[in-house]
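Colleague: Pasting a structure below so you can have a look.
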Amino acid sequence: MADAEGNKIAKEYHLDTPVAANGFYVKGMNHTGWGMKNRFSKLFNPKTGNTVMLAFDHGYIMGATAGLERLDLAIDPLVEQVDVLMGTRGALRSCINPITNKGICLRATHDSSVLFDDMSTGVGFGLDMEDALRMNADCIAMQCFVGGAGEARSLEVLCRAVDAGEKYGVPVMAVTAVGKEMARTNQYFMLATRMLAELGAHTIKTYYCEGFEKIVAACPVPIVIAGGKKVPELDALEMAYRGISDGARGVDMGRNIFQSESPIGMATAIGKIVHEQYTAKEAYELFLDIKNSVSKD
Ligand code: 5RP
């Protein structure tokens, strides 16, 4: 070999510095592979362990949604304020600038439209994991209908997604879907979150409820809280604050951001709660400042 002689001698073995144990900062993910951990580092900020996900996948069941009529105009101004963009592949491909360095959470189920009373009846795996890799997804999101008529099909679809996620190193986020007929009780969310984690989901999105800290404690993987229907900004910030205080590792929020009077103000305020321990009141004051400064411009 041409360079076998004359090379510097290797001698810096740092014998007094122990090799780092490489414990991974995301709950329950220490035994996953490097690729999955790398994708997790795009989802959950390695400095805080938390995430702000911006959900704009509503069109896949709701069609044009208030605030998202023009995806190309609605999302771009918010990208800098969040950690992760959660959308369908159709929305991402057509309307989101691919130079973004944000994490990508790809909506991967198709479900029945809002025209159906029980959305669980239409659930299926809506893409091939190879296409998720082509999209450079850091995560895929599966709507899961525990307790719905389509429960068995939904859980089967989740399990096959987890198989594909394990094969390619892509985290699977299970979303606890609450149909019109299901009660949003802590018993329900305790059951659903734990079931979905035990079926292999790598992270869970669910609704905040009373007793949330117990749900977090019993769930072996990180939980992010769902936003839900638009409520007054202070209420949404209080929910985010309580969720983070009770152990959620982030917020995946859509309508309470993009339907706000100041979407940038809301995205920024949520980020302060999630990453900088702001109280809901402090975050609300910041929201008002941003809203008022933009309306004066
Ligand atoms: C429902 C979903 C939705 O697709 C969406 O992400 C909801 O966002 P929000 O309720 O915050 O508007 O995941 O479970």
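The values are calculated or read from the model by the stated rules, or taken from the named source; none is laboratory data. For clarity, every value in this text was computed on a predicted model and none was experimentally measured. No Cβ is skipped: glycine too gets one built from the backbone with ideal geometry, and neighbour counts run over all protein chains shown. The protein model used for the area step is the full one, side chains on, heavy atoms only, and it has no ligands, DNA or RNA in it. Shrake-Rupley method; radii C 1.70, N 1.55, O 1.52, S 1.80 Å.
Colleague: Just to be sure, is GLY122 surrounded by fewer than 23 Cβ atoms within 10 Å (Cβ to Cβ), of a type outside the set (S, T, N, Q), without any contact (Cβ under 8 Å) to a residue 60 or more places away in the chain and on the phi > 0 side of the Ramachandran plot?
Modeller: Against the criterion (surrounded by fewer than 23 Cβ atoms within 10 Å (Cβ to Cβ), of a type outside the set (S, T, N, Q), without any contact (Cβ under 8 Å) to a residue 60 or more places away in the chain and on the phi > 0 side of the Ramachandran plot), GLY122 does not qualify.
Colleague: OK, next. What are the pairs with Cβ atoms under 6 angstrom where one residue, in segment 241-255, is more than 14 Å from ALA226 (Cβ to Cβ) and touching a residue at least 24 places away in the same chain (Cβ under 8 Å) and the other, located anywhere, is within 16 Å of the ligand (Cβ to nearest atom) and of a type in the set (Asp, Glu)? Sequence gap at least six, or different chains.
Modeller: Between residues of segment 241-255 that are more than 14 Å from ALA226 (Cβ to Cβ) and touching a residue at least 24 places away in the same chain (Cβ under 8 Å) and residues that are within 16 Å of the ligand (Cβ to nearest atom) and of a type in the set (Asp, Glu), there is no close pair.
Colleague: Something else about it: Report the residue count in segment 238-262 for those that are polar (S, T, N, Q) and within 13 Å of the ligand (Cβ to nearest atom).
Modeller: Count: 3.
Colleague: Same structure again: Can you tell which of GLY28, GLY49 is among the small types (Gly, Ala, Ser), surrounded by 11 or more Cβ atoms within 10 Å (Cβ to Cβ) and more than 26 Å from GLU130 (Cα to Cα)?
Modeller: Step by step, each of GLY28, GLY49 is checked, and only GLY49 is among the small types (Gly, Ala, Ser), surrounded by 11 or more Cβ atoms within 10 Å (Cβ to Cβ) and more than 26 Å from GLU130 (Cα to Cα).
Colleague: Of the residues in segment 138-157, how many are more than 13 Å from the ligand (Cβ to nearest atom) and touching a residue at least 60 places away in the same chain (Cβ under 8 Å)?
Modeller: The number of residues fulfilling the criteria is 1.
Colleague: Name the one entry in PHE116, PHE145, PHE125 that is within 24 Å of ASN38 (Cβ to Cβ) and of a type outside the set (A, V, I, L, M).
Modeller: The conditions single out PHE125.
Colleague: If you go through segment 15-41 one residue at a time, how many are assigned to a loop (DSSP other than H, G, I, E, B) and either closer than 30 Å to ALA248 by Cα or at pLDDT 90 or above (or both)?
Modeller: Residues flagged as assigned to a loop (DSSP other than H, G, I, E, B) and either closer than 30 Å to ALA248 by Cα or at pLDDT 90 or above (or both) within segment 15-41 amount to 14.
Colleague: Filter segment 63-82 down to the residues that are within 14 Å of the ligand (Cβ to nearest atom), outside any loop (DSSP other than H, G, I, E, B) and farther than 30 Å from GLY247 by Cβ and list them by number.
Modeller: Within segment 63-82, LEU71, ALA74 qualify.
Colleague: Being open to solvent by less than 20 Å² (accessible area, probe 1.4 Å), closer than 23 Å to GLU282 by Cα, within 13 Å of the ligand (Cβ to nearest atom) and not in a helix (DSSP H, G or I) is the filter here, so list the residues in segment 183-237 that pass it.
Modeller: Listed by number, the residues that qualify are VAL224, ILE225, ALA226, GLY227, GLY228.
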